[in-house]
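Enquirer: One structure follows; several queries about it will come next.
The values are calculated or read from the model by the stated rules, or taken from the named source; none is laboratory data. Given the structure is predicted, the values throughout are model-derived calculations rather than measurements. As a convention, Cβ positions derive from the backbone with ideal geometry for all residues, glycine included, and neighbour counts pool all protein chains shown.
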Amino acid sequence: MPASTLPKMAGKVVRRQDLLDASSPVSASDDESDYLDSDEPRKKRRVRQGSTDESSNDSEEDSEEGAEEEDDDDDDNDEKDEDEDEEPSQLPPKAAPISAVFSAPSRIRPRASNDDKAAQKRAIDAAVKAIAANGDDDGTAPEDPAAAAAANVLAAPTDPNTTFDAINVKPWLVRSLSNMAIRRPTAIQKGCIPAILRGHDCIGGSRTGSGKTVAFAVPILQAWSADPSAIFALVLTPTRELALQIYEQFMAISAPQPLKALLVTGGADMRPQAIALAKNPHIVIATPGRLADHIRTSGEDTIGGLKRVRYVVLDEADRLLTAATTAPGDEGSSGSSSKGKGKGKKGGDSASKVGNGSMLPDVETCLGALPPPNKRQTLLFTATVTPEVRALKTMPRSADRLPVFVCEVETHAPAIPATLRQSHLTVPVTHREHYLHTFLSTAHNAALPAVIVFVNRTSTAAYLHHLLRLLGHRVTALHAALPQRQRTDNLGRFRASAARILVATDVAARGLDIPEVALVVNYDVPRLADDYIHRVGRTARAGRSGEAVTFVGQRDVDLILSIEARVGRPLEAWSEDGVNLETRVTKEALKLVGEKKREALLEIEENREVGGKRKRGMQKLRAT
C-alpha cells in the first residue's frame, strides 16, 4: 500500500504494526522513538541497524546487503508485506531461504488442561461464595440473571432425594417417564402414587402445573400392566380439550406397552364411539355429558364393560361435583354445547341439558353404571379442594376397606405460586377493547411468545377474535360455539405458535398445559375466585415465571376484593416503564379501534368467518 494512502496522526504515517508495537512495553528513549516513527520499510531499517551494529559479523552483513538489493528490486512487494510479522534481526550464518508460510486460524477451541479446569472451578466457587456473602438484608442472595433464565425451564418443584424407583414404580414406567424428561416425582406424585398402589381411595389437591395427571396415570398403568383387563379404568374430566390432553399423556407414558385407550367426548359422531366402547378398551377418558348419553341410549353390549372398572378418576373434581355456578347462556368450564344431541349426531355433552351449568347429574349417571364403591378405587384430583371433594372422606366404608388417603400439598400457602406476578388495570367499560389492543401492543407484551385472553361469554370471545384479527394480531379462539374440529385445530395452532394470542372462555381455564404461555389477561373478571385461580394457572406452571393482568371496570370492585381474599395477597397496579396506556389510547387507539370495531360487528352480523370469508355449510330453515 502506498504510504500516501495510510492514515496519519499528528503528521505521521500510522501503520498497523506500529499500533501493535505501541501497545507493548518499549523503551522511552528518543532514539528508539525516532526509529519507530520512521517512514522507511522495516527491512531497510533493519539493514541500516545491522550495518551500524558492531557485534554483527561479515556473514550477517552480506546477508543484510543481499536483502537490501532485493528490497530495491521489489519495493512494491515490500510495501504489500508490511503487515507480516517482523523477522528476527539476527539471522544464523548462511541460512537457507525461508519460504513464507501462512497459517489460517483454527476454529477448534483448544482443550483446556486439567490445571486450567481446576482453576476455573475454583473461580466459580469463589464467585458463588461472594454472591452468597453479599446477599440482601433479609438473608436472600441477589438474583442471578442466569439463574433466573434457568428457572423458566425447570420442572415442577421436586424432592432431589427421591426417585420414582424409591416409590415402587416399575422400571419400564421409570424409563418411559425419563423419556418424557420426568425424572423425579413432585410432592403430589410422591404422596399419591404409593398410596394408590397400596389400594387407598385418594383425594389429591395441589397447585396447577404440579403433575397431578402423572400422579394417577402411573399407578393405574402399573396395576394394568400386571393384569391387562378391560375396561380397567375410567377418567372423567370437565372439558374436551383436557380429555384430549389426558389421552395423549396416557398414550405417551404407556408407549412401551400395547395400551388401548378410548376418547369419548362431545362434538364427534356417537356411532364410532359406541362401536369402540363395545370392544372394551383398557382405558376410557370421557367427558361426563357424552358418556352419560351413551349410558342412556346404548345397550348392555356397549356399556357392559363399565361394570368391570377397577379405577375411576375425577380430574378437576371440584368442577365435576359442584352445584350450578353459571347462568343459562354463559359458557362455563364444561365445554358443552347446546347444539343437536342424540344417537349418531355430532352433539355436545349433555351437561347443557341441565341448563344451570352443573355436571353433577351426568356424573351420577356415569358412576351408576360402574361397580359399587367397595369394588373399585376412587381417585379425586383438583387444584381447589372444596367441601364436595372432601365429602368422599366422610362417606361410610366397609371394614375391609382401607381409609381414604388425603394429600393436600401446600394448602396452607397461597393458592397462587410465588413466581406469578398478579396485577390489575383499571379501564372504562366503554373503551375496554381500546385498552386491550394498546396493552397487547406494548414493547414488553408484544415480545411475549403466547398470551391467553379470558372472557366470560362465547359472544365476547367471537367478537374479540374478529376485532384483534382486523387490528393485525395473530389470534385464534377457543369456546363452545365452535365445532369440535375447529376447536382442536385452533388449540393446535396456538400450541404450535402459529397464533400468539388465544381468546378463550373457561373451557381453556382448567388443565391445559402450554409451557410457552407467559401472560394471562382477564378481559372479564371471573365471577368466582376459584375460576380466577384456574385461569391464571395457565401460566407460571412447573416453577416457571408468569404474569396475570385483570381488567377492572367500575362494577368489578367487589369481585376483585373476593379474589384478593382467596389468593391471600392484593393485586398490584399494572405498570410498564415508559408506557402510559391512557395517553396511547387517546392518541392512537380511539380512531383505529373504533373503525375496526364496526368492521368486526359487520362480519359477525353477516355470518362471516374471521378474515372475511363467508361460512360454508347449509343453514337450517326455520318455520315462521
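Enquirer: Tally time: how many residues in the range 536-553 are over 11 Å from residue 422 (Cβ atoms) and modelled with pLDDT of 90 or more?
Expert: So the answer is 3.
Enquirer: If I filter the range 357-396 down to residues being surrounded by fewer than 15 Cβ atoms within 10 Å (Cβ to Cβ) and within 29 Å of residue 207 (Cβ to Cβ), which single residue comes out as modelled with the highest pLDDT?
Expert: Of everything passing the filter in the range 357-396, 364 is modelled with the highest pLDDT.
Enquirer: Separate question: Quick one: would you say residue 576 is touching a residue at least 60 places away in the same chain (Cβ under 8 Å), acidic (Asp, Glu) and not in a helix (DSSP H, G or I)?
Expert: When the stated conditions are applied, residue 576 passes them.
Enquirer: Might you let me know whether the range 184-206 holds any residue that is farther than 20 Å from residue 406 by Cα and surrounded by fewer than 21 Cβ atoms within 10 Å (Cβ to Cβ)?
Expert: yes
Enquirer: Mind listing whichever residues of the range 279-297 are without any contact (Cβ under 8 Å) to a residue 60 or more places away in the chain and surrounded by 17 or more Cβ atoms within 10 Å (Cβ to Cβ)?
Expert: Result: 280, 281, 282, 284, 285, 293, 294.
Enquirer: Where residues in the range 467-498 are assigned to a loop (DSSP other than H, G, I, E, B) and within 14 Å of the chain's Cα centre (by Cα), which of them is surrounded by the fewest Cβ atoms within 10 Å (Cβ to Cβ)?
Expert: In this case the residue turns out to be 496.
Enquirer: Now a separate question. Inside the range 186-215, can you point out the residues that are under 23 Å from the mean Cα position of the chain (by Cα) and under 17 Å from residue 233 (Cβ atoms)?
Expert: Of everything in the range 186-215, those that are under 23 Å from the mean Cα position of the chain (by Cα) and under 17 Å from residue 233 (Cβ atoms) turn out to be 212, 213, 214, 215.
Enquirer: Restricting attention to the range 509-559, report how many residues are among the β-branched types (Val, Ile, Thr) and out of contact with any Ser or Thr (no Cβ under 7 Å at 6 or more places or on another chain).
Expert: Total satisfying the criteria: 6.
Enquirer: Does residue 264 meet the test of being of a type in the set (A, V, I, L, M, F, W, C), free of Cβ contacts under 8 Å to residues at least 40 places away in the same chain and at negative phi?
Expert: Yes.
Enquirer: Kindly list the number of the only condition in (1) on the phi < 0 side of the Ramachandran plot; (2) part of a loop (DSSP other than H, G, I, E, B); (3) buried (at least 22 other Cβ atoms within 10 Å of the Cβ) that fails for residue 507.
Expert: (2)
Enquirer: I'm checking my understanding of the structure. Among residues of the range 551-587 that are in contact with a helix residue (DSSP H, G or I) (Cβ under 7 Å, 6 or more places away or on another chain) and either within 17 Å of residue 433 (Cα to Cα) or of a type in the set (Lys, Arg) (or both), which one is surrounded by the fewest Cβ atoms within 10 Å (Cβ to Cβ)?
Expert: Checked the range 551-587; the qualifying residue surrounded by the fewest Cβ atoms within 10 Å (Cβ to Cβ) is 554.
Enquirer: Evaluate the following for residue 400: is it part of a loop (DSSP other than H, G, I, E, B), surrounded by fewer than 21 Cβ atoms within 10 Å (Cβ to Cβ), charged (D, E, K, R) and free of Cβ contacts under 8 Å to residues at least 60 places away in the same chain?
Expert: So residue 400 passes the test.
Enquirer: Another one. From the list 493, 538, which one is of a type in the set (Lys, Arg) and in contact (Cβ under 8 Å) with a residue 40 or more places away in the chain?
Expert: 538
Enquirer: Oh, and also: Hey, among the residues in the range 228-279 that are under 17 Å from residue 307 (Cβ atoms) and in a loop (DSSP other than H, G, I, E, B), which one's modelled with the highest pLDDT?
Expert: 232
Enquirer: Answer yes or no: is there a residue in the range 514-533 that is more than 21 Å from residue 426 (Cβ to Cβ) and in contact with a Leu (Cβ under 7 Å, 6 or more places away or on another chain).
Expert: yes
Enquirer: Restrict the check to the range 426-447 and report whether at least one residue is at pLDDT 90 or above, farther than 28 Å from residue 490 by Cα and assigned to a strand (DSSP E or B).
Expert: yes
Enquirer: Let me ask something additional. Which of the residues that make up the range 467-497 are aliphatic (A, V, I, L, M) and within 17 Å of residue 451 (Cα to Cα)?
Expert: If the condition is that a residue be aliphatic (A, V, I, L, M) and within 17 Å of residue 451 (Cα to Cα), then 467, 468, 471, 475, 477, 478, 491, 496 are the ones that fit.
Enquirer: In the range 510-519, what residues are of a type in the set (A, V, I, L, M, F, W, C), part of a loop (DSSP other than H, G, I, E, B) and buried (at least 21 other Cβ atoms within 10 Å of the Cβ)?
Expert: Of everything in the range 510-519, just one residue is of a type in the set (A, V, I, L, M, F, W, C), part of a loop (DSSP other than H, G, I, E, B) and buried (at least 21 other Cβ atoms within 10 Å of the Cβ), namely 512.
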